[in-house]
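> I'd like to ask some things about the structure below.
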Ligand SMILES: Cc1cc2nc3c(=O)[nH]c(=O)nc-3n(C[C@H](O)[C@H](O)[C@H](O)COP(=O)(O)OP(=O)(O)OC[C@H]3O[C@@H](n4cnc5c(N)ncnc54)[C@H](O)[C@@H]3O)c2cc1C
């Protein structure tokens with residue numbers, strides 16, 4: 001319950017993975033109670049973790065700039081501070097005591113939970129009321145199916161129309177990576193942050209791209225257009241899951257009205273099927289996040305430690321480097337690592353293939369594999385990532401394991417080698433018959449097409465499977 005406060009009691013809104021003004025319950029609650037400070041804290045503790053990459057913060061900093069632009073016309077500027085928590089809150093409080101802290105509840109990993117406990121103890125000691133609201137359908141402890149005002153079924157909340165600024169606090173502008181002594185980002189062509197871009201992506205997906213969703217998301221060639229590409233925006237909350245789900249429902253209603261009995265022939269996938277499949281992914285998202293929240297050890301411990309997943313083998317630096325740098329000699333693996341290096345995104349199936357290949361074929365430990373992928377994905381969301389890494393890498397046990405063989409995946413989803421050639425120009429002239437298996441190319445063909453194994457493209461780092469293992473196509 002939110003305690004009634006004196007009208008002028010200052011309210012601090014602590015932005016975390018919710019970098020937006022629309023559908024932001026803590027911001028609305030604070031605005032109704034008094035003057036507000038809108039605060040984001042860059043935590044050196046997060047930047048020092050082994051799952052962190054500057055690419056994540058680059059996206060966050062852009063989203064903070066966009067958030068500041070959205071807050072300014074409402075009457076408040078965003079304040080960004082750098083430091084450990086709760087020390088940053090203590091510093092703010094000493095500038096001028098505040099009455100309440102409003103934030104979304106953060107679910108997922110152990111370190112944020114430990115940090116939130118420190119904040120809770122500090123707030124109690126200072127007599128600051130901390131109001132936390134669940135978001136995206138997950139509550140602390142892994143409880144799914146959050147109902148009421150915070151539930152996914154409830155329509156998204158409007159942005160506040162006006163915010164009263166709290167005076168007497170130092171302001172803090174959005175820093176750059178350089179201000180934070182971080183190296184520049186290495187990714188050339190990643191998605192950009194900010195709520196306006198998230199809303200634009202959603203609108204374009206619903207209006208034009210969703211039709212290709214069901215057929216397109218498995219293909220490394222088509223998925224970048226067929227998928228919604230909302231993942232980094234959902235990870236950092238520039239748009240809420242609820243906003244997306246309600247827009248999907250509205251699109252389905254409009255489509256149903258427009259069709260008005262004009263059904264497609266039986267067996268033809270309808271636009272409605274695509275939208276339902278997409279909404280299903282958002283529910284999987286909630287379920288995976290709830291899974292990690294209920295069992296945070298999934299980030300560190302294999303569900304089935306004896307299932308293999310490379311954990312017991314000595315770490316093979318050379319194999320790891322070949323996998324991470326895209327020099328395994330397996331074209332689909334190498335192409336996926338190149339596209340990740342350049343864009344920080346690849347589709348679900350290729351992520352699963354990368355993790356599965358690394359542990360089952362190269363014998364690399366699942367956690368090192370998961371950490372590398374976490375740093376490589378712009379959309380790194382621990383609650384989705386670790387449960388799926390465990391499943392893909394075989395760490396969740398043989399029953400949960402799906403072995404994604406790169407040759408079989410290439411034949412099923414990149415039969416003409418378009419994706420592989422786009423990332424590995426050295427394979428440009430390799431005939432289609434060999435583009436997934438260049439080691440089978442006769443020497444004369446290798447010389448004729450300018451792709452000699454061991455000189456222009458690596459020999460396979462491990463012997464290729466004699467036949468592609470039975471696997472999901
Ligand atoms: C090993 C591995 C690691 C992954 N790590 C991440 C991660 O760190 N962050 C992340 O957002 N996704 C992760 N995924 C899931 C998936 O690959 C991405 O969500 C998807 O590729 C993002 O593209 P999109 O936004 O176009 O997805 P869409 O197909 O448009 O899906 C919409 C949203 O639903 C969610 N989603 C999609 N697929 C899944 C799924 N299978 N399980 C749970 N939620 C899903 C995502 O939030 C996504 O943005 C991982 C998959 C694997 C196999």
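> Of the residues 73, 97, only one is surrounded by fewer than 18 Cβ atoms within 10 Å (Cβ to Cβ) and assigned to a loop (DSSP other than H, G, I, E, B); which? First the steps, then the outcome.
Details: 73 fails: assigned to a loop (DSSP other than H, G, I, E, B).
None of the others qualify; the one that does is 97.
> Among the residues of region 396-409, which ones are within 11 Å of the ligand (Cβ to nearest atom) and buried (at least 22 other Cβ atoms within 10 Å of the Cβ)? Walk me through it before giving the result.
Going residue by residue through region 396-409, those that are within 11 Å of the ligand (Cβ to nearest atom) are 402, 404.
If the condition is that a residue be within 11 Å of the ligand (Cβ to nearest atom) and buried (at least 22 other Cβ atoms within 10 Å of the Cβ), then 404 is the only one that fits.
> Can you find even one residue in region 299-310 that is assigned to a helix (DSSP H, G or I) and closer than 29 Å to residue 185 by Cα? It would help to see each step written out before you state the result.
Let us first name the residues in region 299-310 that are assigned to a helix (DSSP H, G or I), namely 299, 305-307.
In the following step, the residues that additionally are closer than 29 Å to residue 185 by Cα were identified as 299.
Looking through region 299-310, at least one residue is assigned to a helix (DSSP H, G or I) and closer than 29 Å to residue 185 by Cα.
> Still on this structure: Which of the residues spanning region 193-215 are more than 13 Å from the ligand (Cβ to nearest atom) and more than 19 Å from residue 22 (Cα to Cα)?
207, 208, 211
> Inside region 343-367, can you point out the residues that are under 18 Å from the mean Cα position of the chain (by Cα) and assigned to a helix (DSSP H, G or I)?
So in region 343-367, the residues under 18 Å from the mean Cα position of the chain (by Cα) come out as 343-355, 367.
Answer for region 343-367, where residues must be under 18 Å from the mean Cα position of the chain (by Cα) and assigned to a helix (DSSP H, G or I): 343, 348, 349, 350, 351, 352, 353, 354, 355, 367.
> Identify the single condition in (1) surrounded by 14 or more Cβ atoms within 10 Å (Cβ to Cβ); (2) at pLDDT 95 or above that residue 443 does not satisfy, given that it satisfies every other one.
Of (1) surrounded by 14 or more Cβ atoms within 10 Å (Cβ to Cβ); (2) at pLDDT 95 or above, only one is false for residue 443: (1).
> Could I ask something else about it? Kindly indicate the residue of region 149-166 that is touching a helix residue (DSSP H, G or I) at 6+ places or on another chain (Cβ under 9 Å) and not in a loop (DSSP other than H, G, I, E, B) and also surrounded by the fewest Cβ atoms within 10 Å (Cβ to Cβ) among those meeting that condition. Break it down stepwise before answering.
If we filter region 149-166 for residues that are touching a helix residue (DSSP H, G or I) at 6+ places or on another chain (Cβ under 9 Å), which is where we start, we get 149-164.
Okay, now just the ones that are also not in a loop (DSSP other than H, G, I, E, B), so 149-150.
Working: 149: 10, 150: 20.
Once the filter is applied, the top-ranked residue is 149.
> If the requirement is being surrounded by fewer than 18 Cβ atoms within 10 Å (Cβ to Cβ), in the same structural domain as residue 112 (by TED's automatic domain parsing) and either touching a residue at least 24 places away in the same chain (Cβ under 8 Å) or in a loop (DSSP other than H, G, I, E, B) (or both), which of these qualifies: 23, 50, 18? Lay out the reasoning, then the answer.
Values: 23 fails: surrounded by fewer than 18 Cβ atoms within 10 Å (Cβ to Cβ); 18 fails: surrounded by fewer than 18 Cβ atoms within 10 Å (Cβ to Cβ).
After applying the criteria, what remains is 50.
> Restricting to region 355-384, count the residues that are within 7 Å of the ligand (Cβ to nearest atom) and over 19 Å from residue 59 (Cα atoms).
1
> For residue 229, are the conditions met, namely being buried (at least 19 other Cβ atoms within 10 Å of the Cβ), in contact with a helix residue (DSSP H, G or I) (Cβ under 9 Å, 6 or more places away or on another chain) and at pLDDT 95 or above? Working first, answer last.
Details: buried (at least 19 other Cβ atoms within 10 Å of the Cβ): yes; in contact with a helix residue (DSSP H, G or I) (Cβ under 9 Å, 6 or more places away or on another chain): yes; at pLDDT 95 or above: yes.
Here the answer is yes, as residue 229 does meet what is asked.
> On to the next question. Identify the single condition in (1) in a loop (DSSP other than H, G, I, E, B); (2) under 16 Å from the mean Cα position of the chain (by Cα); (3) over 20 Å from residue 404 (Cα atoms) that residue 287 does not satisfy, given that it satisfies every other one.
Tallying (1) in a loop (DSSP other than H, G, I, E, B); (2) under 16 Å from the mean Cα position of the chain (by Cα); (3) over 20 Å from residue 404 (Cα atoms), residue 287 fails exactly one: (1).
> Mind checking whether some residue in region 117-127 is in contact (Cβ under 8 Å) with a residue 60 or more places away in the chain and either surrounded by 16 or more Cβ atoms within 10 Å (Cβ to Cβ) or farther than 18 Å from residue 33 by Cβ (or both)?
Going residue by residue through region 117-127, those that are in contact (Cβ under 8 Å) with a residue 60 or more places away in the chain are none.
No, that holds for no residue.
> For region 202-209, state whether one or more residues are free of Cβ contacts under 8 Å to residues at least 24 places away in the same chain, in a loop (DSSP other than H, G, I, E, B) and out of contact with any helix residue (DSSP H, G or I) (no Cβ under 7 Å at 6 or more places or on another chain).
No, because not a single residue in region 202-209 is free of Cβ contacts under 8 Å to residues at least 24 places away in the same chain, in a loop (DSSP other than H, G, I, E, B) and out of contact with any helix residue (DSSP H, G or I) (no Cβ under 7 Å at 6 or more places or on another chain).
> Additional query: Of these, 420, 426, which one is surrounded by fewer than 22 Cβ atoms within 10 Å (Cβ to Cβ), away from the ligand (no atom under 16 Å from the Cβ), touching a residue at least 24 places away in the same chain (Cβ under 8 Å) and closer than 14 Å to residue 329 by Cα?
Working: 420 fails: surrounded by fewer than 22 Cβ atoms within 10 Å (Cβ to Cβ).
Step by step, each of 420, 426 is checked, and only 426 is surrounded by fewer than 22 Cβ atoms within 10 Å (Cβ to Cβ), away from the ligand (no atom under 16 Å from the Cβ), touching a residue at least 24 places away in the same chain (Cβ under 8 Å) and closer than 14 Å to residue 329 by Cα.
> Next question, about the same structure. Which residue is surrounded by the fewest Cβ atoms within 10 Å (Cβ to Cβ), if the candidates are limited to region 330-366 and must be over 27 Å from residue 191 (Cβ atoms) and out of contact with any helix residue (DSSP H, G or I) (no Cβ under 7 Å at 6 or more places or on another chain)?
363
> Take region 100-118 and flag every residue that is part of a helix (DSSP H, G or I) and out of contact with any helix residue (DSSP H, G or I) (no Cβ under 8 Å at 6 or more places or on another chain). Steps first, please.
Of all residues in region 100-118, those part of a helix (DSSP H, G or I) come to 110-118.
Within region 100-118, 112, 114, 116, 117, 118 qualify.
> Checking residue 218 against (1) within 11 Å of the ligand (Cβ to nearest atom); (2) in a loop (DSSP other than H, G, I, E, B); (3) at pLDDT 95 or above, which single condition isn't satisfied?
For residue 218, the failing item is (3).
> Also, quick follow-up: Among the candidates 267, 237, single out the residue that is buried (at least 20 other Cβ atoms within 10 Å of the Cβ) and either away from the ligand (no atom under 15 Å from the Cβ) or at pLDDT 95 or above (or both). Walk me through it before giving the result.
Numbers: 267 fails: buried (at least 20 other Cβ atoms within 10 Å of the Cβ).
After ruling out the rest, the residue left standing is 237.
> Of all residues in region 119-141, how many are out of contact with any helix residue (DSSP H, G or I) (no Cβ under 9 Å at 6 or more places or on another chain) and under 18 Å from residue 239 (Cα atoms)?
Of all residues in region 119-141, those out of contact with any helix residue (DSSP H, G or I) (no Cβ under 9 Å at 6 or more places or on another chain) come to 120-121, 124-125, 127.
Cutting the leftovers down to under 18 Å from residue 239 (Cα atoms) gives us none.
Counting residues in region 119-141 that are out of contact with any helix residue (DSSP H, G or I) (no Cβ under 9 Å at 6 or more places or on another chain) and under 18 Å from residue 239 (Cα atoms) gives 0.
The values are calculated or read from the model by the stated rules, or taken from the named source; none is laboratory data. All values reported here derive from a predicted model rather than from experimental measurement. With ideal geometry, Cβ positions are generated from the backbone for all residues, glycine too; neighbour counts draw on all protein chains shown.
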